[in-house]
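Step one of this worksheet: look at the structure below.
The values are calculated or read from the model by the stated rules, or taken from the named source; none is laboratory data. All values derive from a computational prediction rather than experimental measurement. FYI the Cβ positions are ideal-geometry reconstructions off the backbone, even for glycines, and counts take in every protein chain you see.
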Amino acid sequence: MDYLTLGKIILATPWLICLSIRDFRKHELPNAWVIGGVLVMLAIAFGAGVDYAIGSLVTAFLASLFLLLPFFLRAAGAGDVKMLFAAGLIAGPGNTLNLILLVSLAGLVLACVMLFLRQVNPARIKHFCRCLFDFRYDRAEGRRNLPSPENESCRVPFGAAIAAGLFLNLLLQLLYSMEVAI
């Protein structure tokens, strides 16, 4: 059993739950909470060794690059980018693609569930689909009728998806370490 991964799960789970709840309720990820988690996990990474810490930092930077373009397009907030950096640091070296894939899948599931429960306004998705598939659709008129991207009804709390993706990544790491030990 990999005790480092088990320790990361134990330490990260309450942090992830608190950030997810805050993101659902207020659509914000406080800097003090996110950076506090980064500092705790950075101390753990350096405790595991300098090579491990450098590998974790590389994973964190690569993972945060995943949200850089959506951040510049105002589709993701700065808190999401910082939280994904923290998630990459927690996931550890060599887990960049796994983390990004699991976070993306968790975000997709979260968005679909929120659409199904009518917690999110589907106007932007309808506009995008009509632009792709309906050649008669007046794109300019449709764009004028869209709600503002800053409107709370258009936002999915992506911090919860990052938390779910990181938790699944850590569980898979733990299961893999248990399988290798057998």
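I'd like to verify a number: residues in the stretch 156-180 that are out of contact with any Ser or Thr (no Cβ under 8 Å at 6 or more places or on another chain) and modelled with pLDDT under 90, how many?
So the answer is 5.
Could you check, for the stretch 51-60, whether at least one of its residues is assigned to a helix (DSSP H, G or I) and either modelled with pLDDT under 90 or under 21 Å from residue 110 (Cα atoms) (or both)?
no
Give 39, 89, 62, 69 a once-over and let me know the one that is free of Cβ contacts under 8 Å to residues at least 12 places away in the same chain and within 17 Å of the chain's Cα centre (by Cα).
69
In the list 9, 21, 54, 44, which residue meets the criterion of being surrounded by fewer than 22 Cβ atoms within 10 Å (Cβ to Cβ), farther than 13 Å from residue 103 by Cβ and in contact with a Leu (Cβ under 6 Å, 6 or more places away or on another chain)?
Sole residue among the options that is surrounded by fewer than 22 Cβ atoms within 10 Å (Cβ to Cβ), farther than 13 Å from residue 103 by Cβ and in contact with a Leu (Cβ under 6 Å, 6 or more places away or on another chain): 9.
Check the stretch 114-129 and report whether any residue there is surrounded by 20 or more Cβ atoms within 10 Å (Cβ to Cβ), within 10 Å of the chain's Cα centre (by Cα) and either hydrophobic (A, V, I, L, M, F, W, C) or not in a helix (DSSP H, G or I) (or both).
So far as the stretch 114-129 goes, no, none of its residues is surrounded by 20 or more Cβ atoms within 10 Å (Cβ to Cβ), within 10 Å of the chain's Cα centre (by Cα) and either hydrophobic (A, V, I, L, M, F, W, C) or not in a helix (DSSP H, G or I) (or both).
Of all residues in the stretch 72-86, how many are hydrophobic (A, V, I, L, M, F, W, C) and touching a residue at least 60 places away in the same chain (Cβ under 8 Å)?
Going through the stretch 72-86 one residue at a time, the tally reaches 4.
Given the residues 16, 102, which is the only one that is part of a helix (DSSP H, G or I), surrounded by 15 or more Cβ atoms within 10 Å (Cβ to Cβ) and touching a Phe, Trp or Tyr at 6+ places or on another chain (Cβ under 8 Å)?
16
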